[in-house]
Amino acid sequence: MLIKSKPYRTIWSHPGDPTITQIIDQRKLPHEFIIVDLAVVDDFCVAIKDMYVRGAGLIGATAGFAMYAAALQCRDDHFAEDIEQFAQLLTATRPTAKNLTWAVNRQLAAMGTGNTVLEKREIAFTTATAIADEDARFCKQIGEHGVSLIREISQRKNGEPVNILTHCNAGWLAFVDYGSATAPIYQANNEGIAVHVWVDETRPWLQGARLTAWELKEEGIPHTLIADNTGGHLMQHGMVDLVIVGTDRTTFTGDVANKIGTYLKALAAHDNNVPFYVALPSSTFDWQIEDGVTDIPIEKRDGDEINRVTGLSDRGEMETVLIPPENTPSANYSFDVTPARLITGLITERGIVDADRDAILQMYPDKR
Ligand code: MRU
């Protein structure tokens with residue numbers, strides 16, 4: 001996607017040295033654009049845990065390249081033992097996003113087919129690249145399928161802008177390119193369909209205000225930033241035609257874990273008959289867990305992310321300020337689970353499917 005009219009992905013191999021992976025430091029966006037080099041597994045772990053990179057797809061792609069870095073770091077004579085340890089270190093960084101373990105396991109399985117350490121390292125590089133390319137391709141396909149929903153509403157409204165509400169950032173910054181929830185929006189915009197996006201600011205990390213608003217601005221898509229609690233009011237007054245969100249893990253029964261606050265949006269959408277769609281590549285499906293509410297692990301992050309806010313001061317400097325009284329206890333649940341019954345449908349790379357066990361397994365007979 002575009003940054004100042006120049007196309008970027010969110011992760012790539014250093015053009016002069018493929019053993020180095022480069023990423024955009026998302027902690028600094030939108031006010032500073034900084035590219036960071038990742039060389040060893042520790043760099044990757046910090047980048048994922050401290051959210052230099054975030055979003056399910058990008059976490060998966062980063063884990064793919066991290067496993068290549070791990071393969072380079074493993075001792076030749078203890079390769080199997082070392083790679084297992086690196087895999088465990090990586091999977092412990094963020095518990096909710098399914099793409100993390102999916103990418104690590106895909107790398108382990110791929111490397112398992114190599115006969116020599118050299119071969120395993122080569123396979124790890126090819127697999128990392130394949131994971132990233134596939135993520136971008138699947139997101140593009142999500143856009144091609146999802147645009148039909150927007151097109152249909154646009155026709156019903158005689159070309160009036162389609163108002164879409166999204167939560168958090170399930171845009172290209174959360175993936176390798178295009179994004180999941182935003183891909184149908186970008187596709188609609190390319191086709192000349194008028195759209196307008198309500199952007200939830202998404203406390204505490206403000207992925208909506210900092211990242212989604214920036215992405216949409218760079219792509220020239222009309223949007224309006226709203227406080228997190230605004231969606232219900234807008235829906236009651238007919239100001240939202242469609243909700244599209246992303247997901248960090250979706251059970252094969254259709255329950256969706258996504259950024260904290262998604263469940264409340266789904267309840268409001270349900271109460272107001274607003275269609276509520278979730279966009280995801282198949283790498284985000286969990287093919288084992290049946291009950292998302294009880295069994296998806298929910299990450300709890302440092303309470304300081306709630307108590308302090310960072311932004312650009314009037315002096316043009318990045319500043320962090322404390323909001324509540326000092327030492328206020330805070331609980332930072334990072335995700336919640338929206339049960340399948342509140343979801344109108346899932347937009348995947350294979351098409352749009354009901355959030356329902358039978359429908360999902362019929363679309364993905366090869367996966368379970
Ligand atoms: O904590 P994050 O920023 O890694 O959370 C991921 C998200 O941005 C959202 O939950 C998003 O809507 C999911 S789409 C990858």
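The values are calculated or read from the model by the stated rules, or taken from the named source; none is laboratory data. The model shown is predicted, which means the values in this text are computed figures rather than measured ones. Note that each Cβ is placed from the backbone with ideal geometry, even for glycine, and that neighbours are counted across all protein chains shown. The accessibility values were calculated without ligands, DNA or RNA, using every heavy atom of the protein model including side chains. Shrake-Rupley method; radii C 1.70, N 1.55, O 1.52, S 1.80 Å.
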Members of the range 197-213 that are open to solvent by 10 Å² or more (accessible area, probe 1.4 Å) and either within 12 Å of the ligand (Cβ to nearest atom) or in contact with a helix residue (DSSP H, G or I) (Cβ under 8 Å, 6 or more places away or on another chain) (or both): Trp198, Glu201, Arg203, Pro204, Trp205, Leu206, Arg210
What number of residues within the range 1-36 satisfy the criterion of being open to solvent by 40 Å² or more (accessible area, probe 1.4 Å) and within 23 Å of Ile123 (Cβ to Cβ)? 8
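Here is a yes/no grid of residues against (1) open to solvent by 10 Å² or more (accessible area, probe 1.4 Å); (2) β-branched (Val, Ile, Thr):
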site	(1), (2)
Phe79	yes, no
Leu100	no, no
Ala103	no, no
Arg106	yes, no
Gly114	no, no
Glu119	yes, no
Thr127	yes, yes
Ala130	yes, no
Gln141	yes, no
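Which one of Glu215, Glu201, Glu160 is over 16 Å from the mean Cα position of the chain (by Cα) and among the charged types (D, E, K, R)?
Numbers: Glu215 fails: over 16 Å from the mean Cα position of the chain (by Cα); Glu201 fails: over 16 Å from the mean Cα position of the chain (by Cα).
Just a single option satisfies the conditions, and that option is Glu160.
For the subset of the range 311-335 comprising residues that are within 15 Å of the ligand (Cβ to nearest atom) and either part of a loop (DSSP other than H, G, I, E, B) or of a type outside the set (A, V, I, L, M, F, W, C) (or both), which member is surrounded by the fewest Cβ atoms within 10 Å (Cβ to Cβ)?
Quick first cut of the range 311-335, residues within 15 Å of the ligand (Cβ to nearest atom) only: 332-335.
Filter once more, so that each one left must be either part of a loop (DSSP other than H, G, I, E, B) or of a type outside the set (A, V, I, L, M, F, W, C) (or both): 332-334.
Values: Asn332: 17, Tyr333: 11, Ser334: 18.
Across the range 311-335, the extreme among qualifying residues is Tyr333.
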For the range 93-129, which positions are touching a residue at least 12 places away in the same chain (Cβ under 8 Å) and among the small types (Gly, Ala, Ser)? Ala97, Ala103, Ala110, Ala124, Ala128
Residue that is surrounded by the fewest Cβ atoms within 10 Å (Cβ to Cβ) [pool: residues in the range 81-98 that are in a helix (DSSP H, G or I) and within 16 Å of the ligand (Cβ to nearest atom)]: Thr91
Would you please list the contacts, defined by Cβ atoms under 8 Å and residues six or more apart or on different chains, that run from a residue in the range 6-30 that is over 18 Å from Gly60 (Cα atoms) to a residue that is charged (D, E, K, R) and assigned to a strand (DSSP E or B)? His14/Asp37
